[in-house]
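The structure under discussion appears below in the form of structure tokens.
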Amino acid sequence: MATKENDQIVKENNCETKMDLPCVLDAFTSIFETGSNSNRCCGKLVGLGKVCHSALVKRTLDLYSKT
């Protein structure tokens with residue numbers, strides 16, 4: 001899926017409002033450094049749902065693969 005399609009999915013589902021910045025940073029840190037995140041942030045990550053999670057991950061990977 002192209003970035004434009006993922007952007008649309010993110011907007012339509014209000015994906016960016018479902019997690020606060022500290023939890024976004026916690027999720028990235030857990031993926032790339034620690035391997036675990038807080039219970040609060042884990043709950044928010046699960047609460048994103050599959051559609052938002054997939055669109056956000058694909059958009060992030062697509063953006064970083066172009067740099």
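The numbers here are math on the coordinates, done by the rules we state, and not lab data. Values in this document were obtained by computation on a predicted structure and should not be read as measured data.
Brief remarks on what is shown
- Pairs of Lys residues in the chain are counted when their Cα atoms are under 23 angstrom apart and they lie 8 or more places apart or on different chains; the count is 14.
- Taking each DSSP H run with n ≥ 4 as -39500 (n - 2.57) and averaging over every residue of the chain yields -22500 deg cm²/dmol at 222 nm.
- For the chain, the ratio of Cα radius of gyration to the globular rule of thumb 2.2 N^0.38 Å stands at 1.11.
- In percent, rounded to a whole number, the relative contact order of the chain is 50, using alpha-carbon pairs under 8 Å and six or more apart.
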